[in-house]
1. How much net charge surrounds Lys53 when only other residues with a Cβ under 12 Å from its Cβ are counted (Lys, Arg +1; Asp, Glu -1)?
2. Report, in deg cm²/dmol and to the nearest 500, the calculated mean residue ellipticity at 222 nm for the chain, where each DSSP H run with n ≥ 4 adds -39500 (n - 2.57) and the sum is divided by the residue count.
3. Tell me the angle of helix 265-277 to the major Cα principal axis of the chain, expressed in degrees between 0 and 90 and rounded to the nearest ten.
4. When you have a sec, figure out the Kirkwood radius of the chain from all distinct Cα pair distances and drop it here in Å to one decimal?
5. If you take the beta carbon distance between Lys24 and Val113 as r and set R0 to 35 Å, what does 1/(1 + (r/R0)^6) give as a FRET efficiency, to the nearest 0.05?
6. Just for the chain, what percent of DSSP beta bridges are antiparallel, to the closest 5?
7. Can you list, largest first and rounded to whole Å, the semi-axes you get for region 163-276 by taking the square root of 5 times each eigenvalue of its Cα gyration tensor?
8. In whole angstrom, note down how far apart the Cα centers of region 333-381 and region 256-295 are.
Amino acid sequence: MNEFVYTYPTAVYFGEGAAKKHLKNLVAPYGKTVLLAYGGGSVKRNGIYDELKGLLTEAGKEVVDFSGIMSNPTYAKVQEGARLVREHHVDFILAVGGGSVVDCCKVVSAQAVLDEDIWSMEYQSGKFPTDGIPIGAVVTASGTGAEMNSGAVITCEDKNWKGPIVGIAARFAILDPAYTASVPAMQVLSGAFDTLSHAMETYLGQSDRDNVSDDVALAVMRNTVVNMRRLLVDINDLQARGNLIWDSAMAENGILKVGRLIDFQAHQIEHQLGAFTDCNHGQGLAVIHPAYYRRIVKDAPEKFARMGREVFGVDGAEAAVEALAGFIQECGLPTRLSQLRSKVEITPEVLRKVADTCNLIPSGPRQLSRDEIYDLLVECL
Ligand code: NZQ
Ligand code: ZN
């Protein structure tokens, strides 16, 4: 294994009623003003907002709302949040939502205490934040594992760029399966596919043989597939939703990634597709993965074969890729780019820009050329 240092900053509170049991104690050490951050309104409709606001008020906090954080959060939204934090002298940020809300808030936390623009600081000066307004996360839609790390994925609309910005990790994460009960079926499955993708992309990066990370990644994949299948039978199966929340956290808490390299090429392609189209992250991945894996299956035949055997119960590397493609269909996830929600028509010209601007990952089974990425995207039209 490669050298590594592993520490973990986020305390996890899993289980039904976790916010009621723990939130007041968790926010007690911080000052009076809490930024309550959320998305487009689901938390108001399902009662989570009222419950959390009530708990914060009982804890003696004054609440400032930061609403309307969109899926694929923008850099402009980050700046809006940072302004609110400064104007109201916010002491603590409570991010309530899926990956988009949590990501936005992790960067708001850092930006609010910086004099410089965080994108320029990270991408031009190569410096990363070490401090921010303390933050906690309440997960209402799982899949990204955003609550388990300091990395965020933000869309800079003026740059046609969607990519990582390092923010500040949450001090705690509340994972209550009941809080995800109102997430629509397609979002639950898209989120779970994102988890599967994280585990596959970690596993397919370069590692020593017999690395425990590979074994854990395969277990996370297998468990994600089993629980997605349970949801195909009964979408309201709360135990399966809970299992998927923890799969999601396991895939992104760093455990799978220590001591090895990761692939994440499908993610890089999807992020840039998202920059141009604003498509749903998990659904974009569902379209891209089979086409990408058909291109690299011969570069890592043993790994693909092992994944096929241990996750899908099939023999052979190519069979593993086709089993994955079949599973995507079985879940009713999109299989063509034309099925994605998009703010623009997805044309070969758009795909050329995606291929020309996405990050290239050297640590996957084989680094694709930009032309290969363009070809595989066109194949998915
Ligand atoms: O905005 P509201 O009204 O809350 O609706 C949301 C949104 O429409 C809805 N939702 C959330 N909780 C709900 C609910 N609807 C009903 N009941 C509830 N309890 O779900 C929709 C999707 O939410 P969003 O947060 O956008 O989805 P997701 O969790 O998939 O996050 C996607 C973002 O995370 C990034 C993606 O790129 C994308 O920007 N990622 C972040 C990662 C990280 N930080 O580690 C890793 C991932 O690879 C990913 O890139
Ligand atoms: Zn992802």
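1. Net local charge, Lys53 excluded: -3.
2. -15000 deg cm²/dmol
3. 60
4. 21.0
5. 0.85
6. Percentage antiparallel, nearest 5: 20.
7. Taking √(5λ) for each Cα gyration eigenvalue gives 24, 18, 15 Å.
8. Answer, in whole Å: 9.
Values in this text are rule-based calculations from the coordinates and carry no lab data. None of these values were measured; they are calculated from a predicted model. In this analysis, Cβ positions are derived from the backbone assuming ideal geometry, glycine residues included, and neighbour counts consider all displayed protein chains.
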